[in-house]
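Below is one structure; the comments refer to it alone.
The values are calculated or read from the model by the stated rules, or taken from the named source; none is laboratory data. In this text the structure is predicted, and so the values were computed from the model without any measurement. Here the Cβ positions follow ideal geometry from the backbone for every residue, glycine too, while neighbour counts run over all protein chains shown.
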Amino acid sequence: MPLAEVVDKVIPRLDDSRVRRVTLTGGEPTIHPHFLDIVRAFRAAGMDVGICTNATTLNNVQIAALVEMGVHCNVSLDGFAADSHGRFRGDRASFAVTVATVEKLGRAGILQGLLCTPNTLAQNEEYARLCAFARANGARYVLLNPLGSMGRGVKSKAKLAKTTLHMREIFELTAPFDGPDLDIAHIRFPNTEARPLAGCEAGTIIYVFTPGEVTVCPYLVFAARTPASRHADTEFIVGNIFTDPDLAARLDDYRFHDRYLVGANATCTACSLSSGCGKGCPAAVVAAGGRIGEVDAEQCPAIEENHAEGRQLLPLMPA
C-alpha cells in the first residue's frame, strides 16, 4: 500500500470504524519502503500498533524507532533449528537471523509473542525448546497454530501437517511452560478433555487485504477460496477501504451472526454442552465443504468419529 493511501484513506476510514488496535502483517511489513512512516501515522492517529514479522530484515534503527513509539512485535518461528524453521521458510540461514533478532527485541522490551506453525520438518522436542526460548526473552505468549485446509495450508497440509499423535505429544511438551509469565496458546490441538469449543469472532477483528478489500474474518475468505467451498468469498467482504468512504456504515450493518447462525444443526441442538459451547470455527466448516451452521466436525467433542482421531479444541487467540 502506498504511504499516501494509508494516510489519506486507510487510517481515517479505520478511525471512523472505531478501530483502536492495528496489527501490520504481510508478507513482510518491515520491507515496505515507508514502514516506519506508516507505523508513525497509525500511532499519531492514537491507534496501538503491533507488527507480525519474520525478523530477518528488522534492523537496529527500526527496533529503536519501534521502542520509541511503543510498538510491540510478534515473530514467526516455526521450529527451533535451521533444518526445520529454515526449510519451512525456504532459507536455512534465516533461523540464525531470526533468533538473533528475537533476542534483540527481548532486550528492547517489545517482544510480545512467537507465532509457530507445527510442521513435519521439525522434531517435536523443538517446540519445547522454542517455548523455553520465548520465556528467556520475555515473550508474553507462544501461539501454536497447526496447518489448516485453507489459505497456504490447502497445498501444504498433506505434506507438512503433524499427525494427531504428534500434536498430542507437542501439547504435552509445551503445556508445562504455560503460566503467569508466558501464555501457551494451543490452537486446534487435540481436545482430549472434550471441552466445549470457543466461539466465532467474525466482525470483531477485521482484516484489510493489500488491494483494499475489508473482511470480517480473513479465515472465512481463505476458506471460501478453497476447492471444496460452497460459499463465495464475497459473502464475507464488506467493501474496499480505498474506494468505499462509507466503510464504517458497511461494517456496522454487516452483523455476521445475524446473517449466519453458527451451530444450527441437530448435533449442536441436542448436545448437553450446547449452552456453554461457541460452536467452533465456521471457516473450518467452509473449508471442509460445509455450510455455515453445520458442525465443526474436526473439533466437535460430540462427533463420534473424533474419538479415534483425537478431538480438537479451538481456543481464543491471545489479545
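For VAL221, indicate whether it is under 24 Å from LEU147 (Cα atoms) and touching a residue at least 60 places away in the same chain (Cβ under 8 Å).
It is false that VAL221 is under 24 Å from LEU147 (Cα atoms) and touching a residue at least 60 places away in the same chain (Cβ under 8 Å).
Answer yes or no: is there a residue in the stretch 110-131 that is more than 17 Å from the chain's Cα centre (by Cα), farther than 24 Å from PHE189 by Cβ, without any contact (Cβ under 8 Å) to a residue 24 or more places away in the chain and not in a helix (DSSP H, G or I). Even if it seems obvious, please write down each step before you answer.
First pass over the stretch 110-131, keeping only residues more than 17 Å from the chain's Cα centre (by Cα): 110, 120-131.
Next cut, farther than 24 Å from PHE189 by Cβ only: 110.
Okay, now just the ones that are also without any contact (Cβ under 8 Å) to a residue 24 or more places away in the chain, so none.
Within the stretch 110-131, not a single residue is more than 17 Å from the chain's Cα centre (by Cα), farther than 24 Å from PHE189 by Cβ, without any contact (Cβ under 8 Å) to a residue 24 or more places away in the chain and not in a helix (DSSP H, G or I).
Checking ARG92 against (1) part of a helix (DSSP H, G or I); (2) under 25 Å from HIS166 (Cα atoms); (3) not hydroxyl-bearing (Ser, Thr, Tyr), which test does it fail?
Here ARG92 clears every test but (1).
Could we say that SER149 is over 16 Å from SER76 (Cα atoms) and at pLDDT below 95 here?
Spelling it out, SER149 is indeed over 16 Å from SER76 (Cα atoms) and at pLDDT below 95.
Restricting to the stretch 272-287, name every residue that is surrounded by fewer than 19 Cβ atoms within 10 Å (Cβ to Cβ), in contact (Cβ under 8 Å) with a residue 24 or more places away in the chain and part of a loop (DSSP other than H, G, I, E, B).
LEU273, GLY278
With out of contact with any Phe, Trp or Tyr (no Cβ under 8 Å at 6 or more places or on another chain), of a type in the set (Gly, Ala, Ser) and surrounded by 23 or more Cβ atoms within 10 Å (Cβ to Cβ) as the only criterion, which of ALA136, ALA55 stands out?
ALA55
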